[in-house]
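The values are calculated or read from the model by the stated rules, or taken from the named source; none is laboratory data. Source: prediction; values computed, not measured. All Cβ positions, even for glycine, are placed from backbone atoms using ideal geometry, and neighbour counts span all protein chains on display.
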Amino acid sequence: MNDLISEIGRIISKSKHVVALTGAGISVESGIPPFRGPGGLWEKFDPMEIGHIRTFMKDPARVWKTLMAEMRGVLEKARPNKAHIALARLESLGFLKAVITQNIDGLHQAAGNTDVIEFHGNFAWLVCMDCGRRKETVRVDLDTIPPRCECGGIFRPDCVFFGEPIPEDAMVRSQQEAQACDIMLVVGTSAIVQPAAFMPLIAHQSGAKIIEINPEPTPLKEQINTIFVQKRAGEALPAIVDEIERMVD
Ligand code: NAD
Ligand code: ZN
């Protein structure tokens, strides 16, 4: 395994444009449960149902009381972990050019990454469904459910619900980065939720090497020949970046 980490360190230290694609798994070590897998939100409720835009439009109070209350509780306490910090170090070293994330927790920005493309928006902001006003989640009274804007309209999180399209600018920029990179680091994503799962395929077709970090095998490993590191992100990423720092010193 240490040979594999050294090998990846060598490959990255020779690269010009690394892009990371991250999913819920990278934030697990910050105490945010993923949807799938042990301890996942899936065990409490079905995110595809409760997190679907249809459900929110029909009964926003129900969604605020369940999924949103749960997310808010964990997100407020969460801080970047060793994996987020390692990706910020990889940017400072000049290798990592962008992070495409499916997460809504803002932890990549908190760790110091400056170009974060958010596929599914961010829970830190709310949008009024009537007047479109945006307000920081921490500045909204969430004891009244559903939370309301001064205009009387109901606030929704500035996140993409199931059944909604990815914001166009995020989609366009991600595709550009997937085409431009010579290495894509795929960290903590089960690579099932489309269209994010398509990004490694675009990168692969454009000639990039794909390095995957996940304690569990994913379908991606079968689809394209990824370099697969079967470890937790908080263990593998700092080790890889330590290795690169030693090489470029
Ligand atoms: P997922 O829940 O489907 O899968 C998580 C993946 O992370 C799994 O493959 C799992 O094996 C892996 N994993 C678990 N622990 C890990 C660790 N310590 N290190 C590395 N990998 C680990 O997540 P997904 O594919 O990202 O899709 C679910 C969707 O739900 C996302 O698109 C996102 O929008 C949303 N979501 C976001 C957050 C967040 O913002 N932190 C949390 C839960 C869900
Ligand atoms: Zn309003």
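What the table below lists for this structure:
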{"read-out": "Within segment 159-183, tally of residues that are farther than 18 Å from Ala24 by Cβ and part of a strand (DSSP E or B)", "value": "1"}
{"read-out": "Pick from segment 76-88, criterion surrounded by fewer than 22 Cβ atoms within 10 Å (Cβ to Cβ) and either under 26 Å from Ala239 (Cβ atoms) or modelled with pLDDT of 90 or more (or both), ranking: farthest from the chain's Cα centre (by Cα)", "value": "Lys77"}
{"read-out": "Scope segment 146-185; condition away from ligand 2 (no atom under 16 Å from the Cβ) and among the acidic types (Asp, Glu); matching residues", "value": "Glu164, Glu168, Asp169, Glu177, Asp182"}
{"read-out": "Condition met for Thr55 (closer than 27 Å to Glu177 by Cβ and either assigned to a loop (DSSP other than H, G, I, E, B) or in contact with a Lys or Arg (Cβ under 8 Å, 6 or more places away or on another chain) (or both))", "value": "no"}
{"read-out": "Residue check, Val138 within 19 Å of Pro47 (Cβ to Cβ) and out of contact with any strand residue (DSSP E or B) (no Cβ under 7 Å at 6 or more places or on another chain)", "value": "no"}
{"read-out": "Leading residue by the ranking (modelled with the lowest pLDDT) among those in segment 8-52 that are buried (at least 19 other Cβ atoms within 10 Å of the Cβ) and assigned to a loop (DSSP other than H, G, I, E, B)", "value": "Pro34"}
{"read-out": "Any pair with Cβ under 8 angstrom, 6 or more apart, that starts in segment 205-223 at a residue that is farther than 22 Å from Glu177 by Cα and free of Cβ contacts under 8 Å to residues at least 24 places away in the same chain and ends at one that is among the aromatic types (Phe, Trp, Tyr) and outside any helix (DSSP H, G or I)", "value": "Pro217/Phe228"}
{"read-out": "Residue in segment 129-145 that is under 24 Å from Phe35 (Cβ atoms), of a type outside the set (S, T, N, Q) and within 16 Å of ligand 1 (Cβ to nearest atom) present", "value": "no"}
{"read-out": "The lone exception for Trp64 - which of (1) surrounded by fewer than 20 Cβ atoms within 10 Å (Cβ to Cβ); (2) under 26 Å from Pro165 (Cα atoms); (3) not acidic (Asp, Glu) it fails", "value": "(1)"}
{"read-out": "Tally, over segment 121-145, of residues that are of a type in the set (Phe, Trp, Tyr) and either more than 14 Å from ligand 2 (Cβ to nearest atom) or at pLDDT 95 or above (or both)", "value": "1"}
{"read-out": "Residue check for Phe123: farther than 19 Å from Ala197 by Cα and within 16 Å of ligand 1 (Cβ to nearest atom)", "value": "yes"}
{"read-out": "Total residues in segment 211-244, condition of a type outside the set (Gly, Ala, Ser) and outside any loop (DSSP other than H, G, I, E, B)", "value": "19"}
{"read-out": "Flag for Asp105 being at pLDDT 95 or above and within 16 Å of ligand 1 (Cβ to nearest atom)", "value": "yes"}
